[in-house]
Structures are given as structure tokens and as C-alpha cells.
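First comes the structure, then the notes that go with it.
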Amino acid sequence: MVIRLKTCVLLLVALFAFGSYSAEARQYKRKKSSPTLSETVLHPEVQKLIDYGKELLGRRYRSHAGGFTLDCSGFVNYAFSKLDIKLPRSSGSISSATQSIAKSDVRPGDLLFFKGRNAGSSRVGHVALVLDVEGDNITMIHSSSSKGVVIEPYNTPYFAKRYVGAGRVSGLTQMMTDEMSK
């Protein structure tokens, strides 16, 4: 009886260990079979832009950095100014100054535009910088009036309901094109 009990326990342990390993292996395989933008190497200028934005993580809304007031558009202006790219001051004006792109074409360094506090309005009232894209999941950094500079997913009911569009800054695209032609 003791031998049978030991054998059963060993079998259960072996099955459990094998099952856990298989699940981890399947998850690893699935993750590696479809590379994401986060697993690819970003263009150095895009990486700098993202790094400049991340330097301000945790800063309070409307605090100051490098001559910029860190509301949402001031935050985006600060990050792009570090690459010597000048943008208009308001999120609506920034939206008008970018090349409009489909959400499915968004990549790190692009901008997302949202309605402001009034979800019923059609006007752009908020802007965020795209950090990462994994399939339909977009991660962004922005200056929130309630949380300051934070990293958040786009895919939340709050932002999805307020999404207006996406844009690519031509100065960044030009910088990347010029560097590639050297």
C-alpha cells in the first residue's frame, strides 16, 4: 500500500511538472512566433524621443520642464524639442500639423489624439505619444491632469471612447529618411 501511494504521488508530481513546463513552453513559443514592435529595434531618433518622454515620468501635470508647461501638449512639445522639432502649442494644432495615419499603422513615436474632458465634442483636446504597439494593444505616455506624466494602455474604455485619430510628425519622419539616405 505504501509503495502504491508513493508511486501515485510520484506520477502526480511528474504529470504536474510536465504539464507546467508544457504550458510555459507553449506560451514562450506563442510569444516568439509573432514578433511585436517592442521586440524590434527602434530607429535611434524614435528611441531618443521615447527616452526623453520617459525622463518626465511621475512629473505633475502643469509642472515645468525645459521651458514647457507639462500639460499634454507641453509634454509632447518638450519631447520633440529635444530632437529640435518644433510643434504647435495646442493638441488641436498639433493634430492639424501631423500627417494623419490609420490606427492600424501606428508605431512608436507617433501621436494619438483624443477628445478632451467633453466626450461629446468632436474637437481634439488631448495628445499622447505612442511608446509601443503589440497587435491591437497600444501603449502611450502622456500628461494626465489627474496623474501627471504616466504610461497607460490606449485600449481602455475611457480612451477608446475619446479617440479622434493618429498622426505622424513629418519632422521625425524626415529625420529618419535623411539618416537612412546617408
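Values as computed for the structure displayed
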item: Scope the range 138-154; condition farther than 18 Å from GLY167 by Cα and buried (at least 23 other Cβ atoms within 10 Å of the Cβ); matching residues; result: VAL149
item: Answer from GLY92, GLY116, GLY167 - the residue that is out of contact with any Cys (no Cβ under 7 Å at 6 or more places or on another chain), within 21 Å of TYR61 (Cα to Cα), modelled with pLDDT of 95 or more and small (Gly, Ala, Ser); result: GLY92
item: Near pairs, Cβ below 8 angstrom, 6+ apart or cross-chain, from the range 77-92 (in contact (Cβ under 8 Å) with a residue 40 or more places away in the chain and of a type outside the set (Gly, Ala, Ser)) to any residue that is buried (at least 22 other Cβ atoms within 10 Å of the Cβ) and in a loop (DSSP other than H, G, I, E, B); result: PHE80/VAL169; ILE85/VAL169; LEU87/VAL169
item: Failed item, numbered, when PHE159 is tested on (1) out of contact with any Asp or Glu (no Cβ under 8 Å at 6 or more places or on another chain); (2) in a helix (DSSP H, G or I); (3) in contact (Cβ under 8 Å) with a residue 12 or more places away in the chain; (4) among the aromatic types (Phe, Trp, Tyr); result: (1)
item: Top-ranked residue in the range 90-123 [being among the small types (Gly, Ala, Ser) and in a helix (DSSP H, G or I); ranked as surrounded by the most Cβ atoms within 10 Å (Cβ to Cβ)]; result: SER91
item: Condition check for GLY135: loosely packed, with under 15 Cβ neighbours inside 10 Å, modelled with pLDDT under 95 and touching a Ser or Thr at 6+ places or on another chain (Cβ under 8 Å); result: yes
item: Identity of the residue in the range 117-128, in contact (Cβ under 8 Å) with a residue 12 or more places away in the chain and of a type outside the set (Lys, Arg), that ends up nearest to VAL41 (Cα to Cα); result: ALA128
item: Selection within the range 129-148 - within 23 Å of HIS43 (Cβ to Cβ) and touching a helix residue (DSSP H, G or I) at 6+ places or on another chain (Cβ under 7 Å); result: LEU129, LEU131, ASP132, VAL133, GLU134, ILE141, HIS142
item: Members of the range 41-89 that are assigned to a helix (DSSP H, G or I) and either under 14 Å from GLY148 (Cα atoms) or of a type in the set (A, V, I, L, M) (or both); result: VAL46, LEU49, ILE50, GLY53, LYS54, CYS72, SER73, GLY74, PHE75, VAL76, ALA79
item: Hits in the range 87-126 - residues which are closer than 9 Å to GLY167 by Cβ, in contact with a strand residue (DSSP E or B) (Cβ under 7 Å, 6 or more places away or on another chain) and among the hydrophobic types (A, V, I, L, M, F, W, C); result: ILE94, ILE101, LEU111, LEU112, PHE113
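The values are calculated or read from the model by the stated rules, or taken from the named source; none is laboratory data. Just so you know, these numbers come straight off a predicted model, no measurement behind them. Neighbour counts are summed over all protein chains in view; Cβ atoms, including those assigned to glycine, are modelled from backbone coordinates with ideal geometry.
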